[in-house]
Amino acid sequence: MNAELRFPIFRRLGGVVGLDAGKVWPSLGGLDFRRWAANPVIGLRFTMSTFVVRMDIGLGRETTGFYFNFGHLF
């Protein structure tokens, strides 16, 4: 799951703060909805006419990750 709050910074540049959460099960029989992993996210968005460039930092207990991606606007 992902929840984001997006906000403008300057012209085509925007920011985002959010929360990512998820869980993996070894099988359908092992479904358990307790103790989900969750981590906060901060990032920047540069919006072009047909796509957006995304730069995010995920802050976790075990590690911190930097993610660079781009995709179509939706």
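Assorted remarks:
- Some residue of region 48-64 being among the aromatic types (Phe, Trp, Tyr), surrounded by 11 or more Cβ atoms within 10 Å (Cβ to Cβ) and in contact (Cβ under 8 Å) with a residue 24 or more places away in the chain: no
- Strands (runs of 3 or more DSSP E) enclosed by region 1-61 - at least 2 residues per element that are farther than 23 Å from residue 72 by Cβ: 13-22, 37-47
None of the figures in this text is laboratory data; all of them are computed from the coordinates on show. Note that the structure is a prediction, hence the values are computed from the model and not measured. Neighbour counts are summed over all protein chains in view; Cβ atoms, including those assigned to glycine, are modelled from backbone coordinates with ideal geometry.
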